[in-house]
Each structure stands twice: as structure tokens, then as C-alpha cells.
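The values are calculated or read from the model by the stated rules, or taken from the named source; none is laboratory data. Just so we're clear, the structure is a prediction, and the values are computed from it rather than from any experiment. Backbone-built Cβ (ideal geometry, glycine too); neighbour counts: all protein chains shown. For the accessible areas, the whole protein counts, side chains as well, though only heavy atoms, and no ligand, DNA or RNA atoms are used. Shrake-Rupley method; radii C 1.70, N 1.55, O 1.52, S 1.80 Å.
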Amino acid sequence: MNRFHAWRAARAKPATGFVSTPEPKSIGSFAKGRQLIAGNFLFAGHLVEAPDTSIWDIEAPSPAFVEELHGFAWLDDLAAVGDLKARKRAQEWIIGWMERFARGSGPGWTPDLTGRRLIRWINHALFFLSGQDTRVSDDFYKTLAQQTIFLARRWHTASAGLPRFEALTGLIYSGLSLNGMEGHVPTAVKALGRECEAQIDRDGGLPTRNPEELLEVFTLLTWAATSLSESGRFVEGPHMTAITRIATTLRALRHSDGALARFHGGGRGAEGRLDHALATSGNKDAPRAGLHMGYLRMHAGRTSVIVDAASPPAQEYSFNAHASTLAFEVTSGRRPLVVNCGAGSSFGPDMRRAGRATPSHSTLGIKGYSSSRLGGRRMIGGHMRELLVDVPDDVRIEMRNSGDDSGFVGGHNGYVSSHGLTHIRQIDLSHDGRGIAGEDTLATITPADEKRFDRAMDRLGLQGIPFHVRFHLHPDVDAELDMGGAAVSMALKSGEIWVFRHDGRAKLTLEPSVYLEKGRLKPRATKQVVLSAAAMDYATRVRWTLAKAQETPTTLRDLEMDDEILT
């Protein structure tokens, strides 16, 4: 049906030009643009080296690669370079798309990809049209009108959430920009308002709980609002309310280095995008205390701690969700310290699945189990997705503030059904941000839990129920065991030294890990601190600390530690 409507739209009356001169709203990468000009095509974690080859002649290694080609976000990167070679590539590849796919063929005719493509084409129209003859210009305007009409007929078929926001924003943007297309704007504006009411909750969060996806939605909403305001049109109340709510939530989801927390399939966010979107929105409200989209943020001094403090997304929204309940990340100044492995979708299905499991997060996990289990496959957005099932449905958080220090105690029942055990985590951040104290406990809560625990012990025998508390480190952290294996020293590129210690009830090891980052060819090697122990009774706890040294020591033995935290 998408191709049929694309074919029909090609026979509609074309646009005759722009209402006003379009100005770019999207930000590209100069470095990525230079790579494209050199014939290095890096999309969806795959690198294809094809110098002097049209982007449409590349043999795509994956469906995600194809989607990124037809979404044209790479046009931002070419525009960031902006020289004659970059313009030539952009012109050749846009003309190539029009010649091959404008009649409704190819995989690019989905509402979300069309919306994404329209925004880029209009943003960089002057970059493309410079030096073009009348025939090319006419074809360009005709194809823009065709895509606008297609969106007007097909936006409602886009999946709820980010894909539909992309489709509607593209429709509004093109309707306001092109002569003869303004009739599509009122319906799209009303639909966008309804989508805001349906998808953005009262706290400014999305059902998927993906911070980076929330940033993408926020960016689209600010673009649409700016375009409407500049054309003298009214911005719907739900639209503006959503922008206000999301802005404060995003501020609560960013670390001290300005990057987003990496949870539930999201990454750090494109560099500069969050700052630009917040500035465009005009919102300066500080986040209130408490949870934002299910995350808890604590900060003091130059240190930020962000915790996944809620149940995973509902099953129908869990296609990118992770088993990360009570996992946390720590950033000191401009340097990430403790992280989660991240989303592995660009590194193949096996890495995608591994990245969603509890061991890929900085939290406690029972050996061989995740706090949420994967299962239940469903077709979403044209792809078969694996959903989360058997998730923690009872997650509790209580804030603990004493003087200038801040902290929380929380728990979840993700292991009750299998082992009768509740994971209880307590983390306290000192008032100056130089010390973090944590305690992880596995405990039975009810007599029924004790019976499940006894049955699990009967299966496993005298060795107890093995578990690990993991602290994945950023690749830029230089970590090594010290003090005879009783501590781990962690040096940041800023020169800071952090020291990890524990109470001796677990075995401390420093093991290999990976850091999964979008836009890279392969996972980055890194390390993880692991505390290993076994639950032998109805309550087993492990205590640990992270402390920043007063100055860079020559050896850890010269470092004065605050042992009060451990006791």
C-alpha cells in the first residue's frame, strides 16, 4: 500500500517552489561527511568502502543499512563539510534517488523514512539546488510534493512513537515550506497534538523509556513548533506542553558531561543535539526532585549518578528494552566512569541480545539469569522483534537524604519467581561528589519466598546461589588491581584517580568487557569490576565504595581512604 500511494502521489500536481528560503535545522558531522566523500559508507555498524561509487549502487549488508541510506540523515554530514566535492556528492545522490525511486519503488517509501528524508531535503535545498538547471529543479520540487502527498495519506500507518513523530513532523515541515502544500498542515498539526497526548506522559517520558529516543522526539517537536511559529501559525496546546515536560526530563537524564544516560537501547545522543534542542525550545526549567521517566539522578560536586529505578517498558514497547533494573552509571566531570555496555543492535543479532541482558549492565545479577527475560517475538516496524517477558513488576524506590548527602534504597522482584530473592540496592553520594557508597542485598521477603529459595538451594546444593555485582568501566578508564587484589584503581584521562573497595564478603576480579557505541565498526574493548559471591541464607549482602583520591598518588598505599563509608 505504501508503494501504491507513492505511485499515486507521483501523478499529483507538483509544488512550484518554496514559500520562503529554508534554513537548515539539523546538525551534521564534518568527519563523517569527509568519509562519505572518500567513499567510506559507515551505516548501522557496517563499513562499505566503495570510492567513486554511487551510494545507490552499494550492496547493502543489512536492512538497517538500507534504512539509513533512504532516510538521508547523512545529508547533514555532507552539508557540514559544505565544499564543492560535498555538494557534488549530495547532488549526484539526490538526483540518483529521484531517477530510481521517485515513481514509488524501493524500500524508502515508509512514512517515517519519508518524513526524515523530507526534512533533510528541505533543510539543505539551497545546498542541492545551487548550479542546477531548470529540469532538475522542477523534478526536485515535484518529488518533494509527491512525498508530502504520500505522507498526508500514509502517516497514520507509521508505528506509534518516534516513527509517527517523524512522519508528522516531515508533513508539517514540507506543508509549510512548499507552495501549494499548505492544505495538509492543519490535519497534521491536530494529529501531532493527539500523538503528544498519547505518547508523552505527564512527567515528560516515553513508553519505551529510551533517553536517546526521547531526545529525537523532542528535537522533532521543537522543529515543528519553530516552523509553525515562523509561519504565523498556532502551536497546539498538547504540542507545547509536551515540549515543556520533555525539556525538564532530558535535563534529569544527562550526566555531568552533558551526555545522556545509556539505557533501554539509547546511546549518549548526537553531539550538540541536546544543547541545540533545549536552546531552541526556550525552556529553562530545572528538573524537580524524584524520578523522571523512571530514572533517578543524583549529583554533587562534579559527579553525577543516574539509576534505572523503575520497571522495564510495557511488553508492547519493550522491543529495544534491556534487563537493567537498578543498574546505574557514574560520570565525573567530563569523564564517564561506570557505564552500561549499551545497545548492540548495530553489531548483529547476537550482540544485540547480549547487550540487553543483565550482565551487560552495572548491577547485580544471579548467574545464568537476567532480571527480565527475553521472549515473545512480534513484527514491529517491518522487523521481527524480541520482547521482554517476566519482568520485575514491583520496583520500589525510597530517597534517603541526610544533611548534604543524597542517596536511595530500592528493590525489585525480578528473581522472586525463580529463586525467591529480591534484589535490594542502596547507593549514597557524598555532599562533595567524591565518595559513593553502595550495598547490594539478595533477600527473601515472605514465607513463600523462603520456600522458593529452599527449593533453589536444593537444586544447587551446598555451593549456594551464585551472583555477581558488575561495574562496567568506560574504555577511557585505565583500571588495575592493587593492594594485593583488595582494591581497583581507576585513572581517568582528566588525571583523577578513583578507587573501588569492598567489605571482603565477595571475590573481587577485574575482567574484560565491551562498550557498544553506535557509529563504530566493532565494540570497544574495556574492563569491568566484578564482585562474585553466593547467597547461602535468606539474606546476603555485599558492600562497596567508590572514592576519588585527593590527589594523584604514586601508589595506592599512599592514598588515604575514608574507611567510615565501609563500616
Sort out which residues of the stretch 173-190 are more than 12 Å from Phe18 (Cβ to Cβ) and of a type in the set (A, V, I, L, M), and write them in order of number.
-> Val185, Ala188, Val189
For residues that are hydrophobic (A, V, I, L, M, F, W, C), buried (at least 19 other Cβ atoms within 10 Å of the Cβ) and at pLDDT 90 or above, tally how many sit in the stretch 8-41.
-> 2
Looking only at the stretch 170-178, decide whether some residue is surrounded by fewer than 20 Cβ atoms within 10 Å (Cβ to Cβ) and either on the phi < 0 side of the Ramachandran plot or among the hydrophobic types (A, V, I, L, M, F, W, C) (or both).
-> no
Residue count for the stretch 468-492, restricted to those that are part of a loop (DSSP other than H, G, I, E, B) and more than 20 Å from Ala261 (Cα to Cα) = 1
Can you name every residue in the stretch 493-516 that is closer than 24 Å to Gly333 by Cβ, open to solvent by less than 50 Å² (accessible area, probe 1.4 Å) and not in a strand (DSSP E or B)?
-> Gly495, Glu496, Leu516
If we keep only residues of the stretch 49-79 that are assigned to a helix (DSSP H, G or I) and open to solvent by 40 Å² or more (accessible area, probe 1.4 Å), then the residue farthest from Ser346 (Cα to Cα) is Asp57
Of the candidates Arg268, Arg262, the one satisfying the condition of being over 22 Å from Asp76 (Cβ atoms), modelled with pLDDT of 90 or more and open to solvent by 10 Å² or more (accessible area, probe 1.4 Å) is Arg262
Matching option when the condition is modelled with pLDDT of 90 or more and crowded, with 19+ Cβ neighbours inside 10 Å, among Thr241, Thr148, Thr157 = Thr148
Would you call Glu398 open to solvent by 30 Å² or more (accessible area, probe 1.4 Å), part of a strand (DSSP E or B), acidic (Asp, Glu) and within 30 Å of Ala158 (Cα to Cα)?
-> no
Taking the stretch 324-370 and the residues there that are in a loop (DSSP other than H, G, I, E, B) and among the charged types (D, E, K, R), the one that is farthest from Gly258 (Cα to Cα) would be Lys367
What are the residues in the stretch 425-447 that are open to solvent by 50 Å² or more (accessible area, probe 1.4 Å) and under 19 Å from Ala539 (Cβ atoms), if any?
-> Ile445, Thr446, Pro447
Could you please give the count of residues in the stretch 457-483 that are modelled with pLDDT of 95 or more, open to solvent by 30 Å² or more (accessible area, probe 1.4 Å) and closer than 24 Å to Asp537 by Cα?
-> 3
Lone unmet requirement of (1) modelled with pLDDT of 95 or more; (2) among the polar types (S, T, N, Q); (3) surrounded by fewer than 23 Cβ atoms within 10 Å (Cβ to Cβ) for Thr280 | (1)
